[in-house]
């Protein structure tokens, strides 16, 4: 089991926020993320820790690994970390627009596009997962 | 408070039944002492602004405090289990239950409460009058219960509408306020029901607005619903909570309230009852004496007290609980549109399935719009990466509703409670629960749920996922001390007295011999009123 330092947690918060909502994280959310990791005692195995570091170094891959883990190991520590960041972002008024329902002209097309993207990410992630 | 004196009446618990029993006793002029643990929310209530959900979401920089919780208890990382739906502001409802009400089970996952107002603090407010057939099956007197329903309705305030669901909701109740207004999602479903109702009624499905213990007009100093949609987080007085009644009773000279008192057991002496309780602050066992004791601890709590007090070696009690599932469903025709006001978090519509058309063994479903729960709570259930999952759920949410389906329950030997010794527990024991359904019951549940899904498809709603939170999740428990005309141990006489005792009564659902799916709360309150009257006349 590894313990992570504040700098590492900040790095995670920045990367996960960019991944989740394509925005820069604010200071309050970084602080909340850091506290939540400690309060909820999220620990990673050595293997997971290596995987997380790889994801942080290659941010484009986060969505793929996240998608693969959602199918293969939804309770993994990495998924829990991203989930915590998601909950924190949703509780911040600066990011409310990414979570509150918005009127949309072509929701079906939007859903189809998102579905294809999600499937692609998951499949790619499943292929990559054994190597990372 | 002079605890050495003998009290007239002791009521155990401040939940829905305790509040009603105590009020009835006080109205008849006797003195009442209420024993309660009385856990309360000291963290969140004052933090939540009296504003609409959307306004808070867009503006309040402190909102994380009550969405996520001080200890991040609002972020549920595990599987969806009983109580997972409680927001941090409502978590006090289950505070200290693991420590003071230990329970083990592989099959049954109930929610209990030691809070001021009990499980009533998390009540969904659905009110249902049991039919004659259901009352008979439950062992309750139809004529007296109908009168008692009226008394309770007048006390708590119920809103509803005369529609197809009325025989299953408010029945013949008089004095109900106009129904709450429903949002555009639910209006759409209801309009489709009206267009197809003849074929649906032929199959036994009836839809309408639920009767809710929710004010749409001011009553007794309480506010009407504000449609702020913050109902999962805070109360503005429109929703009935037993704490409203108990707080009013505290102003009366004949009423005393003792908190931090967990009642453990009782024993009979010739003309009185000695009640043993744990002072949860001092961690000391104490006793108190009364003429009559009325247990309103909820079925599981009452089972513990009665089993501890019993000298009989047979320590297995029956158990009733409504099996419960919920369906996340989508109305494709609502995609891309926002769900317009008026909005509230309680049930918008009720759908009953009366296959035999005799108001017996009826399936009961409540339909909720899922607007005021945070998106992250739903995304967890989606097997996709969180980025696309968020975008998909954001698009779907305005068209999503949640239907909770309850099934009726009959007694059987495979559902029971036992008290087992446990030296590590503060009470020296823990409750063991087993709940298993036979093949026939499981088939009926499966068939009923299939019919529900098919009916909702006709109403333009398609199931995304069926979630099974496990047995016990309905939070409707009953039947551990079935009513019996014979004087048999571990039963209640028809007037609610514990058999083989003179002055111990049970006013919660422990005596019910059948549990309709409609929702038990109004009926246990009516029964509590009757039991209190019976205790006075005994």
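Laboratory data are not the source of any read-out in this text; all were calculated from the coordinates shown. Please read these numbers as outputs of a predicted model, since none were measured by experiment. FYI the Cβ positions are ideal-geometry reconstructions off the backbone, even for glycines, and counts take in every protein chain you see.
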When Cβ neighbours within 10 Å are restricted to other protein chains, what is their mean count per residue of peptide A:60-70? 3
Please figure out what share of the DSSP beta bridges in the protein assembly as shown is antiparallel and state it in percent, rounded to the nearest 5. 75
For region B:499-538, evaluate the Debye formula with one uniform point scatterer on each Cα (no solvent term) and list log10 I(q)/I(0) at q = 0.26 Å⁻¹, rounded to two decimals. -0.91
Report the residue, chosen from A:80, A:117, A:39, that carries the largest GNM mean-square fluctuation when chain A is represented by alpha-carbon nodes joined by springs under 10 Å. A:39
Using only Cα atoms, what is the ratio of the radius of gyration of the protein assembly as shown to 2.2 N^0.38 Å? 0.99
For the pair residue B:5 and residue B:485, the simple spin-label estimate (label points 7 Å beyond Cα toward Cβ) gives in nm 4.2
What do you get for the angle between helix B:142-156 and the principal long axis of chain B? Use alpha-carbon atoms, 0 to 90 degrees, nearest ten. 70
Rg and Dmax [Cα atoms of region A:6-131; Å; Rg one decimal, Dmax integer]: 15.1, 46
Could you work out which residue, out of A:114, A:69, A:86, moves most in a Gaussian network model of chain A, that is, has the largest mean-square fluctuation with Cα springs under 10 Å? A:114
In degrees from 0 to 90, rounded to the nearest 10, what is the angle of the helix B:184-203 Cα long axis to the longest principal axis of chain B? 80
Taking only the Cα positions of chain B, the convex hull volume per residue in Å³ is 146
Helix B:386-396 against the longest principal axis of chain B: what's the angle in degrees, Cα atoms only, rounded to the nearest 10? 80
Prolate/oblate/rounded label for region A:18-71 (Cα gyration tensor, a/c 1.5): oblate
Classified through the alpha carbon gyration tensor (a ≥ b ≥ c as square roots of its eigenvalues; rounded if a/c is under 1.5, else prolate when a/b is larger than b/c, else oblate), region B:129-208 comes out oblate
